1. Name the residue that is farthest from the other protein chains (Cβ to nearest Cβ), counting only residues in the range A:205-237 that are part of a loop (DSSP other than H, G, I, E, B) and exposed (fewer than 15 other Cβ atoms within 10 Å of the Cβ).
2. State whether the residues of the range A:28-48 include one that is assigned by TED's automatic domain parsing to the domain that holds A:P148, polar (S, T, N, Q) and not in a loop (DSSP other than H, G, I, E, B).
3. Restricting attention to the range A:106-122, which residues are more than 7 Å from every other protein chain (Cβ to nearest Cβ), over 18 Å from B:D118 (Cβ atoms) and of a type outside the set (S, T, Y)?
4. Being outside any helix (DSSP H, G or I), touching a Gly at 6+ places or on another chain (Cβ under 6 Å) and either more than 11 Å from chain A (Cβ to nearest Cβ) or aromatic (F, W, Y) (or both) is the filter here, so list the residues in the range B:39-73 that pass it.
5. Name every residue in the range B:20-38 that is without any contact (Cβ under 8 Å) to a residue 24 or more places away in the chain and in a helix (DSSP H, G or I), in order of residue number.
6. Kindly provide the set of residues from the range A:153-192 that are part of a helix (DSSP H, G or I) and either over 30 Å from A:W24 (Cα atoms) or among the basic types (K, R) (or both), ordered by number.
7. So if I check each of B:R27, B:R98, B:R43, which one is loosely packed, with under 13 Cβ neighbours inside 10 Å and not hydroxyl-bearing (S, T, Y)?
8. Please enumerate the residues belonging to the range B:308-349 that are away from every other protein chain (no Cβ under 14 Å) and among the aliphatic types (A, V, I, L, M).
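The values are calculated or read from the model by the stated rules, or taken from the named source; none is laboratory data. If you're wondering where the values come from, they're calculated on a predicted model, not measured in any experiment. Ideal geometry is used to build each Cβ from the backbone, glycine not excepted, and the neighbour counts take in all protein chains shown.
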Amino acid sequence: MKGFLIDNSKCIGCRACMVACKQWNNLTASKPVFFSGPGYQNPRDLDANNFTLITYNELETGGRMNWVFGNRRCMHCNDPGCASACPVKALEKTPEGAVYWNAWKCIGCRYCMFACPYHIPTFEWRSANPEIRKCTMCYDRMKVGMVPSCAKVCPTGAILFGERADLVAEAESRLRNNPSAYVHQIYGKDEVGGTCVLILSEAPFDQLGYPTDLPKRSLPSYTAQAMEAIPGVVVGLGLVLGITYKLINRRGEVAAAGEKGGRA
Amino acid sequence: MNQLKAIVIALVREFIQFLRTSSVFLRIMMLIFVAGFATILYRYLFGIGAISNLNDAYPWGLWISFDVLCGVALAAGGFTTAGAVHIFGGKKYEPLARPAILTAFLGYLLVIGALWVDLGRPWKIWHPMVLWQPHSVMFEVGWCVMLYTIVLAIEFSPAFFEKFGLEKARNAVRSFYVPGVIAGMILSTLHQSSLGSLFLIVPHKLSPIWWTPILPLMFFVSAVAVGLAMVIFESTIAAKAFKRESEIHLLKDFGRAIPWVLMVYLVMKIGDLVARQQVMLLFEMNGMAVAFWIELLVGILLPIAILTQRDAREDGRILFGAASCVILGVVLNRFNVSMIGMRSQAWQTPYFPHLLEFLVTACVIAAGIIIYAYVVKHFPIWHEAAHSGHSAE
């Protein structure tokens, strides 16, 4: 499985990744908006035309105020909640690692958006034929052996693309060799069962807006328990109701027959 | 074929005649329906965002919380009553069965109608039938809606066949009516609980006041309670609106059953919070805690207190009040689980339904009221109107 290693401490906030993503995926420009919040960031959140977002966070690191950049995008979970939520398999985890959305299958129920722990899938709210939109790990580029466009353009090497196992090893070695530069955590290694996007950071992850209260268990495992009960419920309830009906009906018939007999 | 054509023409004529001669109240309902329908047409041109405040942080809003979750829960009177009458030997409650089944059938049709607004691409609504994803709770929900609506159509069909004097069809349905009722009960059990299962996948988003692995069970048990309450509620209103004799002698027994179900629900709710060690959340001063307390006090404890009193149960007005409390409690619960209890990130846009979202929901309710009023007037639904020679199914 492929994935990204995003080292936020190497990010200089140039947003070349956001531009490259827009260019490759043919995403229209967004009108900058004012909002209360971190400094230079725009837009405020991911949307149908922004698949990746550099967040600007003013935080204290190493004893002084600093701009700490975060990177939000689809995490391409190993066992994605969105793919298990989708009733029609429009979202699928590909063998290459990317979580990919098939346009023609989607019914637009938005359960994927609801289920995603990272608030990633977005929706075309103003369209008569809306699509679910999110990072595809440049699946089309991967298919022809090219590197995803964001990783290709990143000038500082903050976005590495490669085999997930290699990236985990790389992240571990960075933490080991330069422990003072990082929060000692690889975000995405274990969250919701592990993700194909791994993130290193110089500031605590919750301060960068990454959800940190996520379970280590994969999210589909929560609904699987309920789904596994279905066959038992169907058979069990069918038997109980059928037998109850027979018993009660028989009692009625016996009583009726008894009455008749009594009269005769 | 000619017979079918004649029936359709007769139905359309009768319905138009019904609309022409309807009361002021129904005319207001028609107005709401037309306004809502225009809004829905606008949405088909310009997207869901054009008539709603739904956003990427809150992909589900009023329509899912009320039209779908509450709609299905409030339709639970259908399978509880059908089960009580046809499976558990409660033959004397037969007069309540047809109205309850009609309400459930209408409820499910309206849920499907609402889905045609809420789904982004409703013309692909049939996809779950061919593109299987058995791991998805939504897949189960889709199948349950479809199959149970078919079962409800079968359960309702005797009234239809009797109206048009189709004896053969009427007798054909009788031969598989009981298996149909059993199938309906199984499907309802699955469907009511699966709406709870939908929320199992968001342990991180839903407040631990409501997120629990037994959420599906809670949805089912509360649906049984609200199903019984809906029969009381609907029968009382119908008696008043259509100047019929009240069925209090039957309804009071439903009133007696409700506290037992609610007590099971109460034990589950409290026991679950204790077991998960989340009780302290209820004593924090915030909107979620308040919402939970209202659900608990008004929706569960108050009706238990009232309906365990024999005198109170036999007073139609108090019985109606208690049933309304149960309904309010379950409606609030569905809102709590799907909207109020949802936590979002600081950077995200908060959600409150748009005025037009309320209009669409009102349109769905208005459609239900109009069709209900028409059907009870022109079909053998109530026992005094049901075919005298047959047992009303």
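1. Once the filter is applied, the top-ranked residue is A:K216.
2. Looking through the range A:28-48, none of the residues is assigned by TED's automatic domain parsing to the domain that holds A:P148, polar (S, T, N, Q) and not in a loop (DSSP other than H, G, I, E, B).
3. A:C116, A:I120
4. None - no residue of the range B:39-73 is outside any helix (DSSP H, G or I), touching a Gly at 6+ places or on another chain (Cβ under 6 Å) and either more than 11 Å from chain A (Cβ to nearest Cβ) or aromatic (F, W, Y) (or both), so the list stays empty.
5. B:R20, B:V24, B:F25, B:R27, B:I28, B:L31, B:V34, B:A38
6. A:R164, A:E172, A:S173, A:R174, A:L175, A:R176, A:N177, A:P179, A:S180, A:A181
7. Among B:R27, B:R98, B:R43, only B:R27 is loosely packed, with under 13 Cβ neighbours inside 10 Å and not hydroxyl-bearing (S, T, Y).
8. Of everything in the range B:308-349, those that are away from every other protein chain (no Cβ under 14 Å) and among the aliphatic types (A, V, I, L, M) turn out to be B:A312, B:I318, B:L319, B:A322, B:A323, B:V326, B:I327, B:L328, B:V330, B:V331, B:L332, B:I340.
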